[in-house]
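*Asks:* Handing you this structure, nothing more for now.
The values are calculated or read from the model by the stated rules, or taken from the named source; none is laboratory data. Everything numeric in this text was worked out from a predicted model, so none of it was measured. Cβ sites come from the backbone with ideal geometry, for glycine too, and all protein chains shown count toward neighbours. Note: areas computed on protein heavy atoms with side chains; ligands, DNA, RNA excluded. Shrake-Rupley method; radii C 1.70, N 1.55, O 1.52, S 1.80 Å.
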Amino acid sequence: MRVGRQVRVPKTAELIAAALRRQIVHRELEPGDALPSESSLMEQFGVSRPTLREAYRVLESEGLINVRRGAHGGARVTAPDAEVAARYAGLILEYREATLADVYRASAVLEPPCARSLANKHTATALNRLRAAVEAEKAVLDDPMALVAAQDAFHALLVELAGNQTLNLLSSMLRYIVDRANAAHLADALDSEVHKSQSRKAHRTHVKLVDLIAAGKADEAEKLWARHITAADDAVNAAGSKTLLDLLN
């Protein structure tokens, strides 16, 4: 151990935030629960109101509480949201000058094994949910904006049903970043014949994937989904693979 090394002492507000954070994460406080009154927490922790409110700001920035001011205000617990992590991850990627193609390639690593996993082991309920998802796509084939949302939901469901919470979180973060990155130009592209053709082809791929999963054809399911995401990556490359992420607007 180095002698004389400086040790950072956490601020009091950080310690209070850590104590409350622990209660939220361990479900001692559930989403929707009101935190004790400020006066009660000030007495409990032996701190001033400014210090307590600084702790509140930390927890608000993490999406763990929502603070409302006024006579009927107060702090209420909110469920940890992947979007908070995704926003921060997106900023780091933008700072590192990552491209949208980078994000698609990461998805190509994460999602195909989920297709294999489901083909190897799935329940009737899982199949029903996948079939319902492709039917939801079919119902909006003539509504480009709704179809984008339905197809995004299919990707999310595929990863969710694979049952790995870590992959689910990482995948949802990547989808958030892609959605934000695409938002600026997606509205203009939706009505193009090229986009409509690609979306209908994607729908047919989703239908085929569900059939392969139902038949237990794990190799074919994984390969099909890898080709599907690579095709999306190719479309991004055609539009400009060197385009850097821009998530701040």
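*Asks:* Quantify how much of the Cα-Cα distance distribution of region 1-122 extends past 19 Å, in percent. Present the calculation step by step, with values, prior to reporting the outcome.
*Replies:* Numbers: 4687 of 7381 pairs.
Tail fraction, whole percent: 64.
*Asks:* Order 142-155, 37-50 from most to least packed using the mean count of other Cβ atoms within 10 Å. Kindly include the intermediate steps, with their values, before the conclusion.
*Replies:* On the way: 142-155: 16.5, 37-50: 12.7.
Peptide ranking by packing, descending: 142-155, 37-50.
*Asks:* Hey, in the GNM for the chain with a 10 angstrom Cα cutoff, which one of Asn168, Asn66, Asn182 fluctuates hardest?
*Replies:* Between Asn168, Asn66, Asn182, it is Asn66 that shows the largest mean-square fluctuation.
*Asks:* With Cβ to Cβ distances under 12 Å as the rule, what net charge do the other residues near Ala149 carry (K, R +1; D, E -1)? Mind dumping the intermediate values first?
*Replies:* Working: positive: Arg175; negative: Glu137, Asp143, Asp152, Asp179.
Net charge in that neighbourhood comes out at -3.
*Asks:* Here's a follow-up. Beta carbons within 10 angstrom, averaged per residue: use that to sort the peptides 27-33, 219-225, highest first. Write down the numbers at each step before the final one.
*Replies:* On the way: 27-33: 12.6, 219-225: 19.6.
In decreasing order of mean packing, 27-33, 219-225 become 219-225, 27-33.
*Asks:* Provide the per residue accessible area, probe 1.4 Å, for the chain, rounded to a whole number of square angstrom.
*Replies:* Numbers: 15020 Å² over 249 residues.
With the other protein chains kept in place, the chain gives 60 Å² per residue.
*Asks:* Which value at 222 nm does the chain reach when only helices count, each DSSP H run of 4 or more adding -39,500 (n - 2.57), with the total divided by all residues and rounded to the nearest 500 deg cm²/dmol? Working shown, then result.
*Replies:* Values: 10 runs with 175 residues, N = 249.
Roughly -23500 deg cm²/dmol at 222 nm, from the helical runs in the chain.
*Asks:* To continue, here is another question. Count charges around Leu93 for me, please; just the other residues with Cβ under 12 Å from its Cβ, Lys/Arg as +1, Asp/Glu as -1. If you can, show how the numbers build up before the last one.
*Replies:* Values: positive: Arg87, Arg96, Arg180; negative: Glu94, Glu97, Asp102, Asp246.
Net charge in that neighbourhood comes out at -1.
*Asks:* Another question, if that's okay. Counting only protein heavy atoms and a 1.4 Å probe, tell me what percentage of the chain's accessible area is made up of carbon and sulfur.
*Replies:* Working: 7960 of 15020 Å².
Of the solvent-accessible surface of the chain, carbon and sulfur hold 53 percent.
*Asks:* Counting Lys and Arg as +1 and Asp and Glu as -1, what is the net charge of the other residues whose Cβ lies under 13 Å from the Cβ of Gly63? Walk me through the numbers before you get to the answer.
*Replies:* On the way: positive: Arg21, Arg57, Arg76, Arg87; negative: Glu60, Glu62, Asp81, Glu83.
Summing Lys/Arg as +1 and Asp/Glu as -1 gives 0.
*Asks:* Also: Per 5 Å bin, what is the whole-percent P(r) computed from every C-alpha pair distance within the chain?
*Replies:* Result, from short to long distances: 1, 6, 11, 13, 13, 12, 11, 10, 8, 7, 5, 3, 1, 0 percent.
*Asks:* Might you report the magnitude of the Cβ-based charge dipole of the chain about its Cα centre, with Lys and Arg at +1 and Asp and Glu at -1, to the nearest 20 debye?
*Replies:* Values: 32 positive and 32 negative charges, 149 e Å.
Roughly 720 debye, rounded to the nearest 20.
*Asks:* For region 79-146, state the average projected area of the convex hull of the C-alpha atoms over all orientations, rounded to one decimal in nm². Numbers along the way, then the final one.
*Replies:* On the way: hull surface 28.6 nm².
Dividing the Cα hull surface by four gives the mean projection, 7.2 nm².
*Asks:* Could you give me the ³J(HN,Hα) list for region 16-24, computed from phi with Karplus coefficients 6.51, -1.76, 1.60 and θ = phi - 60°, whole Hz, x at Gly and Pro?
*Replies:* 5, 4, 5, 5, 5, 4, 4, 5, 5
*Asks:* Please compute the Cα-Cα pair-distance distribution of region 84-220 with 5 Å bins starting at 0, giving whole percents from short to long.
*Replies:* 2, 10, 18, 20, 20, 16, 10, 4, 0
*Asks:* Report the charge-dipole magnitude of region 66-192 in Debye, nearest 20, computed about the Cα centre from +1 at each Lys and Arg Cβ and -1 at each Asp and Glu Cβ. Present the calculation step by step, with values, prior to reporting the outcome.
*Replies:* On the way: 13 positive and 15 negative charges, 134 e Å.
With only Lys, Arg, Asp and Glu charged at Cβ, the dipole is about 640 debye.
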